[in-house]
Each structure stands twice: as structure tokens, then as C-alpha cells.
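Colleague: Questions regarding the structure given below will be posed in turn.
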Amino acid sequence: MTGKGRTFGKIKLGPFSYFFNKRNKKSNKRSKGIGEDSRKNKVLDKPQECVFFETAAIDSLRSNTELIHKIRQNGIPWRGVQERLKIEVPEDISNRDDVAYGLVPKAMNAIFGRQETGWKTEKRPSKSGDGYTTWIVIIEDGV
């Protein structure tokens with residue numbers, strides 16, 4: 001192994017990758033700017049960073065009245081919500097898609113209530129061909 005083992009043991013598990021990075025902080029600080037890329041793809045070091053942009057993403061979705069109206073009326077594909085949340089995830093995070101994907105249920109719970117009480121998912125035929133697409137739909141009161 002080269003590079004004094006700097007990459008050994010790093011595991012990226014979506015938004016939880018920052019837990020596994022703390023051991024390598026000294027070597028990252030030492031190597032910054034010395035012939036290496038100074039962490040183009042950022043891994044979150046502090047849980048506060050994660051909470052900050054998660055809250056901002058959820059608030060941004062909540063204030064998007066047009067999208068909320070679409071969700072309430074006919075539902076929307078999971079990916080549509082994911083892409084909207086992804087806008088608020090910092091661009092320098094290497095796993096933005098995974099982070100945004102994980103934010104979808106958090107956002108739906110914050111805006112519409114718990115899953116299977118305020119909202120649910122259902123499979124609908126895909127418009128692009130074979131298979132199904134996961135849709136988010138609102139559960140109406142009394143249904």
C-alpha cells in the first residue's frame with residue numbers, strides 16, 4: 001500500500017461517512033496543498049454540517065408551494081423529490097445523490113407526518129418502458 005495507508009479503512013456509507021473519517025484528520029491536514037488535491041470531494045466532519053443543510057433542504061422543499069401542491073394532488077415520483085432536495089446539498093460532497101435519497105423520507109415526515117400515516121409510497125408503471133417507478137402520495141384523512 002502506498003501513501004502511508006491514508007485511504008485504507010475509509011468507508012462511505014451515505015450521509016454517515018464522516019464517522020469513519022475522524023481517524024485520518026491529522027494526515028489530511030498535513031497533506032493539504034502539498035501536491036495533493038485538498039479534498040475535492042468533501043466528507044462531512046461534523047454532524048452539525050449535516051443537520052444544517054438537511055434543515056435547509058427540508059425548509060426549501062416545504063416552501064416550494066407548486067411542488068407541494070403536485071404531491072398533494074396526484075403524487076410525485078420519489079426521484080422528483082430527491083432531485084429537488086439535492087439542490088440544497090453542498091456540491092462538494094461526493095455522495096450527493098445518496099444524501100438526497102436519504103433526505104426524502106425525512107422531508108416527507110417533516111412536511112406531511114409519519115410514513116403510512118401522512119404519506120406513503122406506491123409503485124406505478126414506468127413511463128420510460130418496463131418496470132415500475134416509486135411514487136410518493138399523500139394519505140387522505142379517512143381513507
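Colleague: Suppose the filter is surrounded by fewer than 12 Cβ atoms within 10 Å (Cβ to Cβ) and either hydrophobic (A, V, I, L, M, F, W, C) or modelled with pLDDT under 50 (or both); does Ser27 pass it?
Modeller: Values: surrounded by fewer than 12 Cβ atoms within 10 Å (Cβ to Cβ): no; either hydrophobic (A, V, I, L, M, F, W, C) or modelled with pLDDT under 50 (or both): yes.
In short, no.
Colleague: Identify the single condition in (1) touching a helix residue (DSSP H, G or I) at 6+ places or on another chain (Cβ under 7 Å); (2) part of a helix (DSSP H, G or I); (3) without any contact (Cβ under 8 Å) to a residue 40 or more places away in the chain that Met108 does not satisfy, given that it satisfies every other one.
Modeller: Exception for Met108: condition (1).
The values are calculated or read from the model by the stated rules, or taken from the named source; none is laboratory data. Computed from a predicted structure; not experimentally measured. When we count neighbours, we look across all protein chains shown, and the Cβ atoms used for this are built from the backbone with ideal geometry, even at glycine.
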